Amino acid sequence: MGIASKIRRLFHGGVHPPEYKDLSENCGIEAMPMPERLFVPLHQHIGAPCDPCVSVGDKVLKGQVIGKPAGFVSSPVHAPTSGTIVDIKEHTVGHPSGLTMLCAIIDTDGADTWLDTLKGIDDPMNAEPSSLRDQIRNAGIVGLGGATFPTFIKLSPPKGKVAELLLINGVECEPYLTCDARLMEEQTERVIDGIHLTLHALQTKKCIIGIENNKPRAIEAMQKAVADEPNITVQALPVMYPQGGEKQLIEAVTKKQVPSGGLPVDVGVIVHNVATIAAISDAIRDGKPLINRLVTVSGLGINRPANVDALFGTPVQSLIDHCGGLKQETKRVVMGGPMMGVTLHYMEAPVTKGTSGLLAMTAKEAHEEQERPCIRCGSCLQACPVSLMPTEMAWFSRTEQFDMAKDYNLYDCIECGSCAYVCPSNIPLVHYFRFAKLSIGAAEREARQAEISKKRTKIKDARVVKEQEARAAKKAAMKAKMAAKRKASASATKKPAATDSTAAGDDKAAKAARAAKAAQAAKAARAKKAAASGDAGGDDDKAAKAARAAKAAKAARAAKAAKAARAAKAAKAATEQSE
Amino acid sequence: MAQMSLNVISSPHVHGGDSIPKVMKTVIYALMPATALSVVMFGWPALLVILLTTLSCMVTEWVFMKIRNRASTLDDYSAALTGLLLALTLPPHTPWWVCVVGGVFAIAVGKQIYGGLGNNMFNPALIARVFLLISFPVELTTWPIPVDIFGPASYGLYDSFAIIFSGDYGSLSMDAITGATPLGQYRMETGLGKTVQDALYGLYNFDHAQVAGGLVGGSIGETSAALLGLGGIWMIRKKLITWHIPVSMILGCIVPAGLFWLANSTVYPDPIFHLVTGGLVLGAFFMATDMVTSPVTFKGQLIFGFLCGLLTWIIRTWGGYPEGVSFAVVIMNTAVPLIDQYTRPTIYGAVKKTEQ
Ligand code: SF4
Ligand code: SF4
């Protein structure tokens, strides 16, 4: 601890904004009155949205599944309390795009009756690790640090990868937020129990709890709790945003960097947030699904800052009312932390699994400055924890040179906002990066669409060609028939010219096909004629001719197939190139 | 397709508080001690030159913004800073029209035709100085001997106006009041076959400490390496610039100078001479560090700075002009995009990826 706290920076870049933790760090965790109506989004995690599995009018019990996961990377949603589903419809949520989302709207009945089939795991420390993971999955637990990635996936390392270290993220590097700190202080047991269970689920021995120095009480509480457990240590870290970023924390604690595009487990580390860990304890001991979380309500614009235990679906307005309402000077309400949070336009937006804070910011705190041109001061490069070149990325994003933006590692950007925080020109850099990512995403979707329609056109073209060929063949057949008729009437033993030309030009597939067909047709015509005339004398001759014609037809078919295969290959190469 | 909102309210919602006006003002403050000393040293004419260039820069900026129908950018102080920097590279008695042409050129050609602040390729003040030096060599190389503003021989306010606006020195003879700069002296005299020692000590009473303190002839801002250096260090402490460019530029000049001096001290002056004369310190701390026209990466800054210094020394030693800082920096400005492109930092996790 001593050494760690002396070094100022344990990862590249970063910033140290005013902390404002004092507003709420002394406010104990409090419950709030049950809201009359909850707006529970069916998509509160990274991954596929849930399918609703209740209908309007249904009575639901607390803890009952109301949204079933759709796909592997997904997570169920449970009813946060008992009541009646009054509607399932699109409703405003705190999302950067300002989009609405499918929400189950529950009128609460005030009884708060639990579903009675929820059960914990008996003696979990001797249970199969996979049963723990299943329990965690069914409880709908996702990363509560803000990323909301389904937790069970992070507990199942890919084959061949071993988690040597469980790193607990108690950093809470976003200014204002204090709910993780309060959790570690007040509910230390829950966190420690969660750590033991998670270690067991991962079959890992070693655990480090990373906490920033500005939370001395949390550090002390945790240190005391693990005093006689040598495999679990608390590491105090110097205060530096964004140290709570998964990759930054790994670098700060282990000095290792996760490969670009890789997973933490590639360096043998699994990171979980403290709040997630506490939720794991609830799920495994009591079978309690994830239906609530701690939310720091703070900012100079709120009358009574607090750390509130809120049910998912609680409208932001209820939370604000519970905390004494907004002050006149409030300029902006933000969901999440001030560095990465989302501006709220409607106070009906609900608390979700990703809501770590609700900030009422005044003009004093929220910056609103005129954007000026980039002066290439390089401050953003120094601040970027990923060592990117934000100025270049922003330039290429703004001028829509997205390939260049990607070349400058746009997709390694964690959108932490450090660059925009220091930019003297007040350039909304993160906004440009999001714009670029959205545009690239849209363009890729478009390209995929175009590819599909191109394939369709190709199939159609092929059909048209085939039809044309068929028509041509028919015509040729007719002609051949006529010719054959004439020739046959002239001399039944004369070899038809068509057969020879077929053998010579067998790489001209279409022509060959036509010729072959003509030959066949001629043969058929001859056979017909022969049959009609009842002339059995020319049988041998005819049989030889028929054999030749069949051979030619086969060669033509083979040539056609080869050509088609070549064309298909070329088309595939073209699509691969365009992708 | 995603549309950019006009009213951007994107994270982060807090800001460190740095701004372009603040940045520019800090640079101006850092220049103040050296500027003040120059005015004391050279008297009112120097102040007139500073005011003339600054005003003409600001007026030009204003006019351009009007023409382009944009909000005035005078409030970002960048034009004012350009004007001040330009003045510091000019002789203390520069005629008014040279000052005005320089100021207009700096903003119009040096900055606005590229699209304004942030888009210019060259340091506006230096490109203007280079332009003036080539166009008006006589005016740009007439170096008055410092005359203490409080001393008995100082120019009065009326005389000062006469000097700047009509070139009228009254009864004074030009020869009596002008002299060579140390660098000019060194080039001229060694060019005639004298040793460095004879050139400098014999004829000019050269004294390192005196030069560093600003008590010799030269352009307005070249006079006090010591105060300029202090201002620069203050900027580094304020985290406005980093040490990379100043240090590498100074080393780029004095390291080769030192090596050659060790090899033959009768032909090559010592490194300290190079450090305290001319515009090396001004260039290293205030010109080469111009954010718009210098690399953004640390590695790039080191390369850029070192080459600026090296070029300066080469021009001083063998070039067609006795002073090479402006040329060196302007030449290196053109290489900045290339340097930035080849010195991209290694991103988080990139090394491991290639190992895999
Ligand atoms: S911090 Fe802002 S002004 Fe400076 S280089 Fe980055 S984007 Fe440009
Ligand atoms: S938002 Fe992206 S570019 Fe900016 S500092 Fe964070 S990681 Fe770097």
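The values are calculated or read from the model by the stated rules, or taken from the named source; none is laboratory data. Everything numeric here is computed off the predicted structure, so don't read it as measured data. Cβ atoms come from the backbone with ideal geometry, glycine included; neighbour counts cover every protein chain shown. The protein model used for the area step is the full one, side chains on, heavy atoms only, and it has no ligands, DNA or RNA in it. Shrake-Rupley method; radii C 1.70, N 1.55, O 1.52, S 1.80 Å.
Across the stretch A:161-199, the number of residues qualifying as in a loop (DSSP other than H, G, I, E, B), among the charged types (D, E, K, R) and closer than 16 Å to residue A:213 by Cα comes to 2.
Go through the residues of the stretch B:252-272 one by one and say whether even a single one is part of a helix (DSSP H, G or I), closer than 26 Å to residue A:384 by Cβ and small (Gly, Ala, Ser). No: zero hits.
The set of residues from the stretch B:309-324 being under 22 Å from residue B:90 (Cβ atoms) and free of Cβ contacts under 8 Å to residues at least 60 places away in the same chain comprises B:311, B:315, B:319, B:320, B:324.
Within the stretch B:138-156, residues that are acidic (Asp, Glu) have Cβ atoms under 6 Å from residues that are in a loop (DSSP other than H, G, I, E, B) and modelled with pLDDT of 80 or more in these pairs: B:139/B:95, counting only partners at least 6 apart in sequence or on another chain.
Within the stretch A:425-454, no residue satisfies the criterion of being near ligand 2 (Cβ under 9 Å from one of its atoms) and among the polar types (S, T, N, Q). All of B:288, B:257, B:335 fail the test of being open to solvent by less than 10 Å² (accessible area, probe 1.4 Å), within 21 Å of residue B:111 (Cβ to Cβ) and not hydroxyl-bearing (Ser, Thr, Tyr), apart from B:288. Taking into account only those residues within the stretch B:264-278 that are open to solvent by less than 30 Å² (accessible area, probe 1.4 Å) and among the β-branched types (Val, Ile, Thr), which is farthest from residue B:228 (Cα to Cα)? For the stretch B:264-278, the residue satisfying everything is B:277. Residues in the stretch B:222-251 that are part of a loop (DSSP other than H, G, I, E, B) and without any contact (Cβ under 8 Å) to a residue 24 or more places away in the chain were compared, and the one that is farthest from residue B:90 (Cα to Cα) is B:239. Within the stretch A:390-424, the set of residues being under 22 Å from residue B:19 (Cα atoms), hydrophobic (A, V, I, L, M, F, W, C) and more than 8 Å from ligand 2 (Cβ to nearest atom) comprises A:394, A:395, A:422, A:423. The criterion of at least 2 residues that are open to solvent by 10 Å² or more (accessible area, probe 1.4 Å) and more than 10 Å from ligand 1 (Cβ to nearest atom) is met, among helices (runs of 4 or more DSSP H) falling completely within the stretch A:336-437, by A:390-398, A:402-407. For the stretch A:345-365, the candidate set comprises residues that are within 30 Å of the chain's Cα centre (by Cα) and facing another protein chain (nearest Cβ under 10 Å); within that set, the residue that is nearest to ligand 2 (Cβ to nearest atom) is A:359. Of B:318, B:313, all but one fail to be surrounded by fewer than 20 Cβ atoms within 10 Å (Cβ to Cβ) and away from chain A (no Cβ under 14 Å); the exception is B:318. Of everything listed in (1) modelled with pLDDT of 95 or more; (2) open to solvent by less than 40 Å² (accessible area, probe 1.4 Å), the single unmet condition for residue A:196 is (2). The condition (being more than 20 Å from the chain's Cα centre (by Cα), more than 30 Å from residue A:361 (Cα to Cα) and assigned to a strand (DSSP E or B)) is satisfied by just one residue among A:116, A:112, A:107: A:107.
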